[in-house]
Structure formats: C-alpha cells, structure tokens
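These notes are about the structure you will find just below.
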Amino acid sequence: MKSSPASRSRDIERQAGYLRPEHCVPPPPRTHSADDMWFIRDSCGIVCGVITWLLVFYAEFVVVFVMLLPSKNVVYSLINGALFNGLAFLALASHFKAMCTDPGAVPKGNATKEFIESLQLKPGQVVYKCPKCCSIKPDRAHHCSVCKRCIKKMDHHCPWVNNCVGESNQKYFVLFTMYIALISLHALIMVAVNFIFCFEEDWAKCSSFSPPTTVILLILLCFESLLFLIFTAVMFGTQIHSICNDETGIEQLKKEERRWAKRSKWMNMRVVFGHPFSLAWLSPFAPPDHGKANLYQYVV
C-alpha cells in the first residue's frame, strides 16, 4: 500500500537525525513580557482588518443616522439602536481579541541541543522539529507561512482578523463570526422595515437625507449585510462543527491520522470556550478557563 506524501513527510520528521540541533541557533532573549500584545505585520491582513472595521462603521452610520434617528417611533429606535450597537461592539471587540491574541505560537528557534537535552526524552520517544522556524513542534501544531511560526492546533490563517485561528484565540474568532452574522441579520430586517415604511409614507419624511441618497445607502447596506451574513454564518457553522469533532481545518484538509482520544462534543466545546459553561462563553473579554478539561488526550 502506497503512503501519501503527507505521511512520508511525517516519517521524515520521525527520524532522530532530522532534528539536527546544531543547525539551530539559540533564540534571542525575550525583552517583552507575556502580556505584550500579539500583532502580525502583514500588509494584506492589516488592510482586510481595517476594511472589516470600516464596513461595521458604515453599517452603524446607516442604521443610526438614516433609519433610527429620523424615525418617529422612539421606542423602536431605542430598542433597535441599543441592540444593534451592543452587538456591533461585541463583534469589534471579538475581532480585536482574535487579531491581537497569541493563537498558540510555539517558541521560535528552541530546537537547540541544550533545549532537546533538557526535555529528558525517553528512549524511542518521538519529537518533531519544524525546519522553517527551527522549533520543537508539539503534536497537532502546524507552521503558518504568514505568521512565520508554528501554531498549536492551528485551524487556518484568516486575513480578515490578520492572524491564525489556533488553540488560544479560536473562541474569539467564533464569537466574531457569530456577532457579525447577528448584526447583519438585524440590519437586513431593519432595512426591510424601513423600505416598507418609506413606500407607505413620503420618502422625504422617512430620512434626513434626500430620497435617492437614502435608497443608495440602504441598498449598499442590504448588499453588505447579505454578503456578510452568508459568509460569517457558514464560517460559524464550520467552526462549531470542527470544534465538536475536535479536528482542525488543516487536519481535515490533510486527512491526518487521528492519534488523540475521542471526547464528547460538549467537552470539546468546553475546551475551547471554557469549563464549565457560563455566560462568559459569549464574552470576548473573558479568556476561556479550561479548568479540568484536558486539551490533549492521546490514544495509547
């Protein structure tokens, strides 16, 4: 039976001689604390991140100044304004956390002779070395060519958050997709209500802008909301599916052999969002508390 290219690559990594620690220089001493912000200096990712924020601000502008403030129904404006702005704030906070949280990067250049000796490996014990960042690569870690680091439980690199989605920031990415989908749906509903109201009333009275400007702004918001609703809803669904099955996007794509123990779907959710279940699952300001949840359980 022929082995796949992926399995042959793993066989190469299993050879002890492949580590070649003499080719790795010791990593430079850390001059920053662990609390320093993580940020990837990638021009494409930065542009995509800025576009994301600008699109949310555009939606805010149209919802508040075109639809809600001119409305004569104060209760309608207050309830929908508070709901939309609250969800938009949570979406942007989730985006910021997903972008500026270390996704689980492996220390760069630690595949030195001294570090390997400090691991006190048992005879026959296997370790992996990434030839690109010269790091001892933990199981289920993959190298990202954009971040230029190995990322633990890397799912994929997302330019819209200018970061990898990995072990430490997957919760924030899932919350970002969920909240963007919710504000997109909410905006579509308000646009539909506003169009119905304006068709029944005088267009000049339903907005502080001219009728042509109002129609153009609403159509653009409708197009933006529909596009983002489809995209983020699909992404949210695929992320939840991956979490429940405890299999990252890269592992599914490469069809990697499953060497970790199977857990219940509920336990897999708690590993990502926190243990135990609480309202903190929905907060981008609450880092996931894993508690007794074991991140790595392998089949012996």
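Computed quantities for the displayed model
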| read-out | value |
| --- | --- |
| Over 25 Å between alpha carbons, listed pairs 113/262; 171/265; 113/255; 153/255; 129/171 | 113/262; 113/255; 129/171 |
| Full-stretch length increase - residue 202, residue 282 - with 0.36 nm per residue and alpha-carbon distance subtracted | 24.7 nm |
| Rg followed by Dmax, in Å, when the stretch 5-282 is reduced to its Cα trace | 23.9, 82 |
| Apportionment of accessible area to carbon and sulfur, the stretch 126-282, percent (1.4 Å) | 70 |
| Surface accessible to a 1.4 Å probe, residue 139 within the full protein complex, Å² | 50 |
| Residue 77-residue 47 FRET efficiency (beta carbon distance; Förster radius 51 Å; 0.05 resolution) | 0.90 |
| Area accessible to solvent at residue 140, 1.4 Å probe radius, in Å² | 10 |
| Positive minus negative residues near residue 155 (Lys, Arg vs Asp, Glu; Cβ under 10 Å) | -2 |
| Computed label-point distance, nm, for sites residue 121 and residue 85 using a 7 Å Cα→Cβ extension | 5.8 |
| Å² of accessible area per residue within the stretch 5-282, as computed with a 1.4 Å probe and no ligands counted | 54 |
| 18 Å reach of a label modelled at residue 188, 7 Å along Cα-to-Cβ, counting backbone N of the stretch 44-71 | 56, 59-60, 63 |
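The values are calculated or read from the model by the stated rules, or taken from the named source; none is laboratory data. This is a predicted model, so every value here is computed, not measured. Every residue, glycine as well, gets a Cβ built from its backbone with ideal geometry; the counts of neighbours run over all protein chains shown. Note: accessible area is taken over every heavy atom of the protein model, side chains too, but ligands, DNA and RNA are not part of it. Shrake-Rupley method; radii C 1.70, N 1.55, O 1.52, S 1.80 Å.
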